[in-house]
Amino acid sequence: MRINRRTALLGGLGAAALGAMPAGAQDITFFRIGTGATAGTYFPIGGLIANAISNPPGSRACADGGSCGVPGLVATSVASNGSVANANAIAAGTMQSGFVQSDVAYWAYTGTGIYEGRPKADGLRAIASLYPESFQLVARKGSGIKSVMDLKGKRLSLDEPGSGTLVDARLILAAYGLTEKDMKAEYLKTQQAADKLKDGTLDAFFSVSGWPNGAISELAVTTGIDLVPIAGPEADGLVKKFSFFATDAIPDDAYKNTPGVKTVSVNALWVTSIKQSEALIYAITAALWNANTRKLLDSGHAKGKVIRLEDSLQGLGIPLHPGAEKFYKEKGIIK
């Protein structure tokens, strides 16, 4: 029996069942995942997930060693300006899904924080919580920056406009009684900031990402860096004031010849719109947690190893998409 993509999805079948269906009659559904800068962690993780959930027409069936993604689905990892840009694009209907920091998702959904006075993006829905995103304050070795307070008068990048990193960098500085006026602030993508730090025209930069971050790893090897702790009473107060923050740590082995530090983190969420069909998001969620996807995540990126089904509902801050909720209920993750 030849079943096209629409019929299969509307049947609400799981990815494994869909994978056994003939591909010849499938339509193609394109599903974009907004990520971040290519040098960050979002982009490669997005590529892994896009590969895992895709199953273009003509692909070998999952049972025969082929793709275990959603038949007819072609997912792509799209570089973007990060969390805020992704949330806005999903709300506007120009992106099907994207990675959004838990704090940004909460603010967008509730119309609070940085979204105060703006229309609520109350159509945002979560597919999964993926992994903690550490605040990485990276300083050029020899810059004399050993604490957040040492940033006074220094050349610091707070990340690009529209990014979640910029939003939270300002919150962190405020917790220590600082503002951008206390330093020579710049607003650069991670790779641009890393390049300027390498050539000595920047002293430090913020990055909110899973470790190891590719651009930071390269700096650790070629230039030499210090990770600056975000800890102490100021950080404790930050976590207490904003529930989407959590205490965190970057280990000694995250970057070559660079001691680890205590820091804070938020969660990286995979977010979509309530306008996406329940059957499609159910099938995508099932494909995300397929055993074959587990292999891709474990081997594809260090942060992929911490994307676990048992942690998939941690710190969401926004409602689940009904399709994702259906999957988690069936798996007993939601009682």
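Structure summary
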{"item": "Residue within segment 279-288 that is in a loop (DSSP other than H, G, I, E, B) and either free of Cβ contacts under 8 Å to residues at least 60 places away in the same chain or within 30 Å of G123 (Cα to Cα) (or both) present", "result": "no"}
{"item": "Residue in segment 309-317 that is surrounded by fewer than 16 Cβ atoms within 10 Å (Cβ to Cβ), within 17 Å of the chain's Cα centre (by Cα) and free of Cβ contacts under 8 Å to residues at least 24 places away in the same chain present", "result": "no"}
{"item": "Residue within segment 62-76 that is without any contact (Cβ under 8 Å) to a residue 24 or more places away in the chain, outside any helix (DSSP H, G or I) and either farther than 23 Å from Y187 by Cβ or open to solvent by 10 Å² or more (accessible area, probe 1.4 Å) (or both) present", "result": "yes"}
{"item": "Qualifying position, being in contact with a Gly (Cβ under 7 Å, 6 or more places away or on another chain), closer than 19 Å to N81 by Cβ and crowded, with 23+ Cβ neighbours inside 10 Å, among S102, S157", "result": "S102"}
{"item": "Those residues of segment 230-281 which are open to solvent by less than 20 Å² (accessible area, probe 1.4 Å) and not aliphatic (A, V, I, L, M), in sequence order", "result": "F245, Y255, T258, T263, S265, W270, T272, S273"}
{"item": "Among residues of segment 160-184, those that are part of a helix (DSSP H, G or I), open to solvent by 20 Å² or more (accessible area, probe 1.4 Å), at pLDDT below 95 and not aliphatic (A, V, I, L, M), counted", "result": "3"}
{"item": "Within segment 134-158, tally of residues that are within 22 Å of V221 (Cβ to Cβ), touching a residue at least 60 places away in the same chain (Cβ under 8 Å) and part of a loop (DSSP other than H, G, I, E, B)", "result": "5"}
{"item": "Residue among K275, K262, K240 that is outside any helix (DSSP H, G or I) and free of Cβ contacts under 8 Å to residues at least 60 places away in the same chain", "result": "K262"}
{"item": "Search result, residues across segment 77-99 that are open to solvent by 20 Å² or more (accessible area, probe 1.4 Å), closer than 21 Å to L188 by Cβ and not in a loop (DSSP other than H, G, I, E, B)", "result": "V78, A85, N88"}
{"item": "Segment 65-79: number of residues that are modelled with pLDDT of 95 or more and polar (S, T, N, Q)", "result": "2"}
{"item": "All positions within segment 206-229 that are open to solvent by less than 10 Å² (accessible area, probe 1.4 Å), closer than 24 Å to L130 by Cα and at pLDDT 90 or above", "result": "F206, S207, A215, I216"}
{"item": "Residue within segment 2-18 that is over 23 Å from the mean Cα position of the chain (by Cα), open to solvent by 50 Å² or more (accessible area, probe 1.4 Å) and either closer than 30 Å to V138 by Cα or modelled with pLDDT of 80 or more (or both) present", "result": "no"}
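The values are calculated or read from the model by the stated rules, or taken from the named source; none is laboratory data. Here the structure is a predicted model, which means the values were calculated and not measured. Neighbour counts are summed over all protein chains in view; Cβ atoms, including those assigned to glycine, are modelled from backbone coordinates with ideal geometry. With ligands, DNA and RNA removed, areas are computed over all heavy atoms of the protein, side chains included. Shrake-Rupley method; radii C 1.70, N 1.55, O 1.52, S 1.80 Å.
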